[in-house]
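FYI, it's all coordinate maths here, none of it is from the lab. None of the values given here were measured: they were computed from a predicted structure. Neighbour counts are summed over all protein chains in view; Cβ atoms, including those assigned to glycine, are modelled from backbone coordinates with ideal geometry.
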Amino acid sequence: MAAYTRVEQKDDLAELGELGGPPRRGPLQPQPLALAVGPAQSAVRSLNWSYAGWVVALFLLAHSAWTSKSATTSAEDDCFDPFRSLGYVHRPANLSLRHFAYPPSASLDDLTTPTPIDASMDPPDGALSLAAPAYGDMLNEKVKPHDLAFARDKSIWFIGDSHDRMNLEMFCQQHEAGGAVLDVPHWHIKANCRFPDLNLTFASFFHYGLSPESESSEPDPWNIPQIETSHENENPGPYSVEGRLKEYWLPAVAEVGRPSLIVLNSFFWDLRYFAHHARHFDRGTLLRQDERPLTYSELAWHRSRARAFIDAVRAAFPGTPVMFRLGQEHQTNRNEGNVAVYQLNQSLRAVLAKMNVPVFEWASLLTGERRYADDQHFAAGAPARLYSDMALYYLRRAVKGWDRCEPWPSMARPPARAR
């Protein structure tokens, strides 16, 4: 990071205001209207307040509550997470992707108010108040808005696989107009996307899944070194997350800065590992297939290794917020391969909930995506844009205080191992 000249700018988070969140309102109740009613009008009073009139009044009140932009935010709103809330996925024409949360404080009547169907393809303007900011749009501005002051001198780390690297590459290319600088020393080691004017770095670090080092080392390296490759030195060691942590991730602090947020992932290389393991130990024909449902013991093994992975990263970077990205569906469901995706995601969610690790819900928000580069990687466009918007949203939360909100974990020290 020293290669860039830092632009001094006051970065007072108090000036940023609170995180954008939904208006907090109680259940809507129809309020009597102040009507001037004379003696001659008393005969029609019941008509004015007929059932139809109440429905109209309720609709207007509910619509006003849902679309209001004038509501002030509160400390409670500061803890609202639009990406982890029930809501509506919207795809604007600019190949981005926005998630609009339904108001969590809305009553059943609010949610079920009769609403006519119109011809609009876009949600109402007021729904924007329930969405995270479009930080990707802000990053493309040559003069960065003050809304991005929280990102100055920060580093976001993605520790995972080629999906993280490709998202970073596509996102960086989308933001060349905003000064983004891409650097990929080795696709199976690390990649960086820097914004020099903010001294902000998105860093991606690669690993081969959760298999132990011993399976890829002498005297019997049957795992990673035996996987067919198309490039020289395509899969350099170390071959375990523990080895990579020591060899690459800890030394990277001097290069890209201490991480302010870490997003972990271990998924598709593990799916490959299960089939490779079965072939090496001559298990049944079904178990040797690359795409198939997983067994109960395979999932139990993965949970134990996921716990070790998270514990190791937390111990290496104490105080740094950690999230975990789950896997997305394959473009095809060849040999019921998406059953394994569902199984592994469910298994990981169980571990992450016990370890107080929030889920980076990128994959679930892309359900039904059809623009794939291959059977598992997404093409350039909305997925990478959503990735950056989410990363910056959670970076802002990390800067403001990760442990202020439930269910966020305390980051004062690594958690004690549960018995």
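Within region 312-372, none of the GluC sites (Glu not before Pro) combine a DSSP coil assignment with at most 16 other C-beta atoms in a 10 angstrom radius.
By the beta-carbon count within 10 Å of each Cβ, the least crowded to most crowded order of LEU294, LEU392, fewest first, is LEU294, LEU392.
Percent of alpha carbon pairs in region 136-404 separated by more than 36 Å?
Working: 4333 of 36046 pairs.
That tail contains 12 percent of the Cα-Cα pairs.
Expressed per residue, the C-alpha convex hull volume of region 273-388 stands at 123 Å³. Among ARG385, ARG292, ARG283, the order by Cβ neighbours within 10 angstrom, fewest to most, reads ARG283, ARG292, ARG385.
When the pairs LYS154/LYS190; LYS142/LYS190; LYS144/LYS246 are compared against a 24 Å limit on Cα-Cα distance, LYS142/LYS190; LYS144/LYS246 fall above it. Counting charges near CYS172 (Lys, Arg +1; Asp, Glu -1) among other residues having Cβ under 11 Å from its Cβ returns a value of -1.
Relative to the current alpha-carbon distance between THR115 and VAL181, full extension at 0.36 nm per residue lengthens the span by 19.0 nm. Annotation: the antiparallel percentage among DSSP beta bridges lying fully within region 136-404 is about 40.
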